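Since every read-out is calculated from the coordinates, none of them should be taken as a lab result. Quick caveat: nothing in here was measured; it's all calculated off a predicted structure. Cβ: placed from backbone, ideal geometry, glycine included. Neighbour counts: every protein chain shown.
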Amino acid sequence: MNRLSYLFILMLLAVIMPSEAKKKKGSSVAPKGISERVDSLLQLMTLEEKIGQTVLFTSRWDVTGPVLRDGEEDAIKSGQCGNIFNAHTAEYTRKLQKMAVEETRLGIPLLFGYDVIHGHQTLAPISLGESASWDLELIEKSARMAAREAAACGLHWTFAPMVDIGRDPRWGRVSEGAGEDPYLGIEIAKARVKGFQGDDLADKETVLACVKHMAAYGAAQAGRDYNSVDMSERVLRETYLPAYKAAIDAGARTVMTSFNDLDGVPATANSFLLKDILRDEWGFDGMVVTDYTAINELIPHGVAKDEYDAGVLAMKAGVDMDMEGGIYMDHLKKAIENGDVAMEELDNAVRNVLALKFELGIMDDPYRYCDEEREKEEVLSAQNRETAYQMAAKSCVLLKNDNSALPINANEKVAVIGPLANSKRDLLGSWKAAGKPQSVQATILDAIIKNGGSENVTFSKGCDINTDNKAGFAKAIEQAKKADKVIMVMGEKWSMSGEAACRTNLDFPGVQPELIQEITALGKPVVLVFMTGRAMTIQKESESVDALLNVWYPGVEGGRAVADILYGKENPSGKLTMTFPRNVGQIPIFYSYKRTGRPFDPSKPKDTYKSRYLDVQNTPLFPFGYGLSYTQFEYSDITISNSELVSGNSIEVSVSVTNSGNYDGEEVVQLYIWDQVASVTRPVKELKGFKKVKINKGDTQKVNFTINEEDLKFYRKDMTFGAEDGQFTIYIGSDSDASNSVEFSLTGVKL
Ligand code: GLC
């Protein structure tokens, strides 16, 4: 169809449709005017054109899974494919867009999606790293930056935020999420959605968010990706679902189904998840897309006998769009003709897709995101690099700093050792998407040399990341002997976490442990910096080095940020959002565990018949919420406005925090609550509030929290969601081991 007929149809639509109502802020509801425009367009569409809008194919520009078919450009021109992912740049998206707009009968524009997980080209730290900043404002700003860059490169839609709760570090995809805790997961999900979508999707510096992976993907058995998930509805609703719901309440317009089955029903064919919960309970009116070929995978899951069967199951469960599988394209027409899928079901799916294209404004201006000038200005701008730097500096977690090994004095002789010290690619982590190693201006080594002076810094790789080759040990040891201090930069390769990257052994890979032991045996102060996408089992190393700094994969400006922390230009403030186990045998281990009927008391080590191990303590190596600073923060004077919280009221809790050290710094003040007795067993504590506060050295700050009945609700014995009268303990401190406490009672709850 040529442009003239497209314009005629648009004029026709514009004439018979009211003007668009502005979208309500933060709602997940399409503006009123748009649904009328969608319905009018739907009436013009043939069955084949409708099916085309439910099809999402990868471009060849980037590939993020097994490619099942070629020829997406032909499918675009024939109207069989209405959406493309893994294509970007203003120029390339314009090329594909022209095919859709100018070569199909109705000229409906393509939706362009991509995995902009932690930045588009200006990569921030991986998402698990960002979560360790506990800085919601900065997390939102980082997502905003990613959205601006992605939109400038022709993209309308990011497959983020990933909000899967991660409590098993064997699962490589914990690297993409926000850790183990629902409360923090909720807050970070909201911040990321707001960052991506802004206040108005008609703003061409915004992109559609996609909440993934619905649902409970992080609970894959044995920490093995794509594996089965089985859990009680209470655990599902209390731990795994809240972050998805929070993202939708924050206005997320799309949801991605997960690969796993949940209680025997694959998410992509699970109407309990996609209709009962998502649509009926949560009121979601956006669009549901599958994960990569997830409809096809209903066959190996064993719930569909063939592709036709799989397509019917997915459509009837509430899936609107088929990512890369080609099943909707190949089988929906027949399914409609056979009456196995109702036309109304297909129309609903198409409505959900078209509504997004109207909301983005691309129905009226298909090329508004294809602006090469804007792309040049936005990509890797100084402002974006500064945001990435700030996030990297705030996400690193200082886990140990004995003998004031850190910060390093600029005149100290330093031996830098390790296979990750001079790597650009590893700084970017997994899911780098459009990020390029050549965008990295300084590795950690480069930045150390810049801070310490080349005359004071030597470097030797020492070993590979993951081989048994010890040939580099001798040179590393020689250089360490000549130095005042050793900085080792070790850890996992970027590809050892992320999708389909699970490990059963979470130690430092290869011969890194041996090298660390040989270097620490020299008796020099050793600072161990490590890159990782997960919680690792590093007890031996943590005991033998003087300082330990977890930098995750710190992004395109991570080299500079890490070196600035090492040399004291930045004071680390990150806190773990995943528990670090002592060994893999403790997994799953998380702070909000249940007490059991035989809780082990470490002060009574001889107690038998208690919930404990024979060979390792119950406690983790490093707890959730843990992270040090170069300064010290003292907590005192917890006060509570009333020791009784009457249902419907609130109480104020405050604590004084003093910076008693020698550096200005930021502290994440955390508030946990223990529900002592309830109709079901409750965790020993749950995060119910946190504030990241800047306190200059010598100053004291009062930090206040408001507690109300909402904070105390849970799924009671009868599975109703609400609070119960009873006694509660509040703990406030710098991590989940907080012991400063105060009690209160809740009364007057109407059951
Ligand atoms: C992958 C991932 C998903 C991603 C999608 C598109 O398999 O599971 O998170 O968004 O495919 O790349």
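Here are the numbers for this structure:
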item	result
Nearest-0.05 FRET efficiency for Asp276 and Lys481, computed from C-beta distance (R0 45 Å)	0.10
Structure-based [θ]222 nm, the chain - -39500 (n - 2.57) summed over DSSP H runs of at least 4, per residue, nearest 500	-8000 deg cm²/dmol
Of Lys98/Lys141; Lys95/Lys376; Lys450/Lys493; Lys424/Lys461, pairs whose Cα-Cα distance is over 21 Å	Lys98/Lys141; Lys450/Lys493
Extended-chain gain in nm, criterion 0.36 nm per residue less alpha-carbon gap, Gln617 and Gln517	33.7 nm
Cα-centre dipole for the chain with unit charges at Cβ (Lys and Arg positive, Asp and Glu negative), debye to 20	1220
Cα pair distances exceeding 29 angstrom across the range 390-586, given as percent	14
Candidate aspartates and glutamates - alpha carbon under 18 Å from Lys697, same-chain residues fewer than 8 apart omitted	Glu570, Glu634, Asp664, Glu666, Glu667
5 angstrom amide H check on Phe85, placed H, neighbours 5+ away	Phe57, Thr58, Ser59, Gly113
Largest to smallest principal axis extent of the C-alpha atoms in the range 695-751, angstrom	50, 21, 16
Simple Cβ-charge dipole of the range 63-215, Lys/Arg +1 and Asp/Glu -1, about Cα centre, in debye nearest 20	240
Karplus 3J(HN,Hα) series, Hz, for the range 200-207 with 6.51 cos²θ - 1.76 cosθ + 1.60 (x for Gly, Pro)	8, 5, 6, 6, 6, 9, 10, 9
Unsatisfied cross-links (Cα-Cα over 30 Å) in the set Lys245/Lys334; Lys432/Lys594; Lys594/Lys691; Lys604/Lys750	Lys245/Lys334; Lys432/Lys594; Lys604/Lys750
log10 of Debye I(q)/I(0), alpha-carbon scatterers only, for the range 633-747 at 0.12, 0.19 Å⁻¹	-0.44, -0.94
For the range 275-288, Karplus couplings with θ = phi - 60° (6.51, -1.76, 1.60), whole Hz, Gly/Pro x	10, 4, 7, 5, 8, 6, 7, 9, x, 5, 10, x, 10, 9
Burial order of peptide ranges 440-452, 495-507 (average beta-carbon count within 10 Å, highest first)	440-452, 495-507
Listed residue (Gly302, Ser59, Leu420) projecting farthest to the positive dipole end of the chain, Cβ model	Leu420
For the range 725-741, 3J(HN,Hα) per residue [Karplus equation, 6.51 cos²θ - 1.76 cosθ + 1.60, θ = phi - 60°, Hz, x = Gly/Pro]	3, x, 9, 10, 10, 9, 10, 10, x, 9, 6, 6, 8, 3, 10, 4, 9
FRET efficiency, Lys436 to Thr747 (Cβ-Cβ, R0 60 Å, nearest 0.05)	0.50
Under 5 Å, built H, 5+ apart or other chain: amide partners of Thr577	Gly625
The range 693-751, relative contact order [Cα under 8 Å, separation at least 6], %	24
Distance between modelled label sites at Asp74 and Met719, nm, 7 Å Cα→Cβ extension	5.0
Taking the range 390-586 and dividing mean pair separation by its residue count, relative contact order in percent (alpha carbons under 8 Å, at least six apart)	35
Average Cα contact separation per residue, the chain, under 8 Å, 6 or more apart, as relative contact order %	13
FRET efficiency for Asn466 and Asp62, using Cβ-Cβ distance with R0 set to 25 Å, rounded to 0.05	0.50
Cα-based Rg / Dmax (Å) for the chain	26.7, 85
Gain upon complete extension [Asn708, Glu233; 0.36 nm per residue less C-alpha separation]	168.5 nm
Built amide H within the under 5 Å cut-off of Lys461, gap 5+	Gly418
Net length gained if the chain between Gln727 and Ser641 were fully extended (0.36 nm per residue, minus Cα distance)	29.4 nm
Magnitude of the charge dipole, the range 390-586, Cβ model with Lys/Arg +1 and Asp/Glu -1, debye to 20	300
